[in-house]
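Every number in this text was worked out from the coordinates using simple rules, so none of it is lab data. Everything numeric here is computed off the predicted structure, so don't read it as measured data. Ideal geometry is used to build each Cβ from the backbone, glycine not excepted, and the neighbour counts take in all protein chains shown.
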Amino acid sequence: MVTVTDTHRSIDAVWRIESARVIAGLTRMVHDVGLAEELAQDALVAALEQWPEQGVPRNPGAWLMTTAKRRAIDRFRRQERLDRKHQEIAHDLEIQQASDGADVDATLDGQIEDDLLRLMFISCHPVLKTEARVALTLKLLGGLTTGEIARAFLVSESTVAQRIVRAKRALADADVPFEVPAADELPARLASVLEAIYLVFNEGYSATAGDDWMRPELCAEALRLGRILAGLMPTEAEVHGLVALMEIQASRTAARTGPSGEPILLLDQNRGRWDHLAIRRGLGALESAESLAPVRGNYAMQAALAACHARARTPEDTDWARIAALYAELSERDNSPIIELNRSVALSMAFGPAAGLEVADRLVADGSLSGYHLLPSVRGDFLAKLERYDEARAEFESAAALTKNERERTLLLARADDCRARAL
């Protein structure tokens, strides 16, 4: 017997799957992403009222779209004074609603890919601040509630709600068109979409704050969005590069924490626990990225770095010299101090801790990573390997004071204690 609770669970699952497609289709029709989400929510409320009694329809996505369209028509009709734009929209909706008939499934599917792609570009428009792009992407494309987004990023629900409201207002004020960018705008706009997706993934992979080392649900959502984007833009090399990077990094999830949730660093992980199917998917996506572009983009380059670890059966098999060379190439084009810090680690593994420390010391001198906890953490590791334990302890304690993640702080303080004991 199907209970009301079972139906509500089904509705929740349907909403996660279908909401992005419904909102995307509605945005194309009403030319307002905020209104489109409201109409989709109205349809969800109708589902919550009707489906427990009538049962879940054969095509729930089509049902939601049809219901939302009817709500849109009713809304425009109710307005006492309709401007011409609204009259035209209402007229178009009525014509489309009448023509749908019994073949509503085909109508829904006909525009889905284009609409989803447009929604991705509008949710990640450069007119929005980074945190607003991330929140709007998770809300509109991920189907997450405001509360779920707030819990994922350890902020209040009101903060997330304000970000989303302001984002919609900014899009409306800027009159952002619901369309795929023109060829001359595409690289910059696509970069904005990829950045938002990777920010979601990174927050899941290494949480910046809180008690958990990882939030795998965010990684999974970012991967889902990346795979959708790869399907919508199959000739864009960097899209495949980002998917490759996320697949390979996510393959280590099960090995990155111990029984109590404590972090396990890369070289200490049980590689038998890595997800080798995810690695194969990642390597396949990397191959696609490399076949589409003669020169690897930044995401494909980072995926190539991750692939060096994925291909090594043991830590000792890792080709650290190649990793250092790839980081040098990436640093030349990006000139990022974070990349230089990563290169210092590769140099240390390939040529000894003194080589890595030299690069890390330059980063300390130029102040570009002041306040970034991983710089003293990396320096502490180099100094410990050089048996300069008092200096290493001070670096680990400094890093522990800077991090906002409790699991990471515990790990760093344990390393500081180890150095203190070795110094005696």
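Using a Gaussian network model of the chain in which every pair of alpha carbons under 10 angstrom is joined by a spring, one finds that among ALA222, ALA43, ALA394 the greatest mean-square fluctuation is at ALA394. By the Cα gyration tensor, segment 218-281 has an equivalent ellipsoid whose semi-axes, rounded to whole angstrom, run 27, 11, 8 from largest to smallest. Applying both filters, DSSP loop and at most 10 other Cβ atoms within 10 Å, to the GluC sites (Glu not before Pro) of segment 236-299 eliminates every site. Annotation: the residues LYS385, LYS168, LYS139, sorted from fewest to most other C-beta atoms within 10 Å of their own C-beta, follow the order LYS385, LYS168, LYS139.
For segment 260-267, the Karplus equation 6.51 cos²θ - 1.76 cosθ + 1.60, evaluated at θ = phi - 60°, returns couplings of 9, x, 6, x, 10, 6, 3, 6 Hz by residue, with Gly and Pro reported as x.
If you take the alpha carbon atoms of segment 1-77 and fit the smallest convex hull around them, that volume is 79 Å³ per residue. Label-to-label distance for ALA414 and GLN50 is 5.5 nm, based on points extended 7 Å past Cα in the beta-carbon direction. Label sites at ARG333 and ARG224, each approximated as a point 7 angstrom past Cα along Cα to Cβ, lie 3.1 nm apart. When the chain is treated as a Gaussian network with alpha carbon springs shorter than 10 Å, the biggest mean-square fluctuation among ALA62, ALA20, ALA401 belongs to ALA401. Using R0 = 56 Å, the C-beta based FRET efficiency linking ALA172 and ILE264 works out to 0.75.
For VAL364 and VAL295, the FRET efficiency from 1/(1 + (r/R0)^6), where r spans their Cβ atoms and R0 equals 51 Å, is about 0.95.
Histogrammed with a bin width of 5 Å, the alpha carbon distances of segment 292-334 distribute as 6, 22, 30, 21, 13, 6, 1 percent, first bin at zero. GNM on the chain, alpha-carbon springs under 10 angstrom: the most fluctuating residue among GLY367, GLY61, GLY356 is GLY367. Taking the helices alone, the chain has a mean residue ellipticity at 222 nm of -24000 deg cm²/dmol, built from -39,500 (n - 2.57) per DSSP H run of at least 4 residues and averaged over all its residues. Potential lengthening of the chain between ALA254 and ALA423 amounts to 57.4 nm, from the contour at 0.36 nm per residue minus the alpha-carbon distance. Taking the fewest neighbouring Cβ atoms within 10 Å as the starting point, the ordered list for SER158, SER251, SER288, SER260 is SER260, SER158, SER288, SER251. Of the DSSP H helices in the chain, those with a Cα length along their own long axis of 18 Å or more and a mean Kyte-Doolittle hydropathy reaching 0.0 comprise 4-30, 33-54, 186-205, 216-232, 237-250, 276-292, 298-311, 337-351, 353-366.
Its Cα gyration tensor gives the chain an equivalent ellipsoid, and the semi-axes of that ellipsoid, as √(5λ) in whole Å with the largest first, are 46, 23, 20. In this simple spin-label model, placing a label point 7 Å from the Cα along the Cα-to-Cβ direction at both ASP184 and GLU406 gives a separation of 5.4 nm. Determine, at each q value in 0.10, 0.16 (inverse angstroms), the log₁₀ of I(q)/I(0) that the Debye formula gives when each Cα of segment 230-383 is one equal point scatterer. Computed log10 I(q)/I(0) values: -0.39, -0.97.
At an R0 of 45 angstrom, the distance between the Cβ atoms of GLN162 and LEU386 translates into a FRET efficiency of 0.40. Here, segment 319-424 is characterised by an Rg to Rh ratio of 0.99, where Rg is the alpha-carbon radius of gyration and Rh the Kirkwood radius.
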